[in-house]
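Take a look at the structure below.
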Amino acid sequence: MAEATILVVEDEHDIRELLVFTLAREGFAVLQADNGPAALEQARDKHPDLILLDLMLPGMDGLNVYKRLQREPDVSGIPVIMLTAKGEEIDRIVGLEIGAADYIVKPFSLREVILRIRAALGRREKKPQSSILQCGPITLDAVSHTVRVSGALIDLTITEFRLLQDLIEHPGKVRTRDQLLSAVWGYSFDGYSRTVDTHVRRLRAKLGREAEIVETVRGVGYRAKEDAS
């Protein structure tokens with residue numbers, strides 16, 4: 001049985017074929033698409049475990065593909081690793097801040113791609129001791145991937161969900177930015193601690209009146225109130 005199903009979205013034929021061959025050799029089932037509309041169709045029809053998404057696609061670029069996926073509940077939970085020739089810091093930050101599981105810059109090592117795919121899949125499969133986590137009026141369900149505040153459903157990105165989940169799993173304990181980067185993104189991104197701050201701001205905005213449950217520990221990181229009520 002295949003380890004997992006990966007959708008490779010890449011318009012450059014040689015790169016796509018190399019990725020497909022390498023992933024298949026590593027035991028993955030592989031789907032492929034060479035443009036945005038085909039990628040959306042494959043994602044909707046096949047529900048892959050992960051999408052390796054090139055950003056520089058003809059017609060509909062990868063960012064728009066990603067945004068379309070996030071608007072559809074049936075596929076919004078699929079982790080996406082962005083693959084692109086863009087290597088400037090701002091491009092990487094944008095990719096991570098909109099909720100991508102990871103970001104790989106061309107030219108890349110095939111071994112690195114495999115390791116990052118496995119890391120992203122591992123984060124998706126990791127389950128808390130209980131599927132329901134409670135922090136005051138906040139209820140997080142790791143199975144249905146939903147968050148409710150005082151019973152009202154709120155819409156979080158995959159990354160915001162994982163961030164809140166990690167904080168609630170460690171009530172009252174300070175989580176450093178490095179710890180959060182490692183837990184939510186899979187490893188440390190040197191110089192990207194501000195990415196954590198950006199996600200915390202967005203998470204607090206969506207929590208509304210309960211935003212204070214996520215406390216800032218100045219100069220260290222963040223924690224979820226242990227006695228939230």
Kirkwood hydrodynamic radius (Cα pairs, Å) of segment 132-224? 13.2 Å
Below 15 angstrom from the Cβ of MET60, what's the summed charge of the other residues (Lys, Arg +1; Asp, Glu -1)? -3
Which pairs, out of LYS67/LYS106; LYS106/LYS173; LYS67/LYS206; LYS67/LYS225, put more than 29 Å between their alpha-carbon atoms? LYS106/LYS173; LYS67/LYS225
Once you've got the GNM for the chain with C-alpha springs shorter than 10 Å, pick whichever of LEU164, LEU121, LEU18 has the biggest mean-square fluctuation. LEU18
Using Cβ counts within 10 Å as a stand-in for footprinting exposure, how do ARG123, ARG148 rank, fewest first? ARG148, ARG123
Let me have the relative contact order for the chain, percent, based on Cα pairs under 8 Å that are six or more residues apart. 14 percent
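Over the chain, what is the percentage of antiparallel beta bridges among all DSSP beta bridges, to the nearest 5? Walk me through the numbers on the way to the answer.
Values: 17 of 34 bridges.
Among the beta bridges of the chain, antiparallel pairing accounts for roughly 50 percent.
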Can you report the principal axis dimensions of the chain using only the alpha carbons, biggest first, rounded to whole angstrom? 55, 35, 33
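Over 22 Å apart: what share of the alpha carbon pairs of segment 5-125 falls there, rounded to a whole percent? List each step's numbers first, then the result.
Working: 1709 of 7260 pairs.
Across segment 5-125, Cα pairs with separations above 22 Å total 24 percent.
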Which whole-angstrom value gives the distance between the alpha carbon centres of segment 1-75 and segment 157-172? 27 Å
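Rounded to the nearest 20 Debye, what is the dipole magnitude of segment 5-125 about its Cα centre when Lys and Arg each give +1 and Asp and Glu each give -1 at the C-beta?
On the way: 15 positive and 21 negative charges, 72 e Å.
The calculated dipole for segment 5-125 is roughly 340 debye.
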Of VAL220, GLY172, PRO137, which is farthest towards the positive pole of segment 132-224's charge dipole, taken about the Cα centre with +1 and -1 on the beta-carbons of Lys, Arg and Asp, Glu respectively? VAL220
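What is the dipole size for the chain, taken about its Cα centre, with +1 at each Lys and Arg Cβ and -1 at each Asp and Glu Cβ, in debye to the nearest 20? Write out the running numbers ahead of the final one.
Numbers: 31 positive and 35 negative charges, 163 e Å.
Computed charge dipole of the chain: roughly 780 debye.
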Considering all projection directions equally, how large on average is the shadow of the alpha-carbon convex hull of segment 1-62, in square nanometres? 3.8 nm²
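All of the numbers you see were taken from the coordinates with simple rules; none came from a lab. Source: prediction; values computed, not measured. Cβ sites come from the backbone with ideal geometry, for glycine too, and all protein chains shown count toward neighbours.
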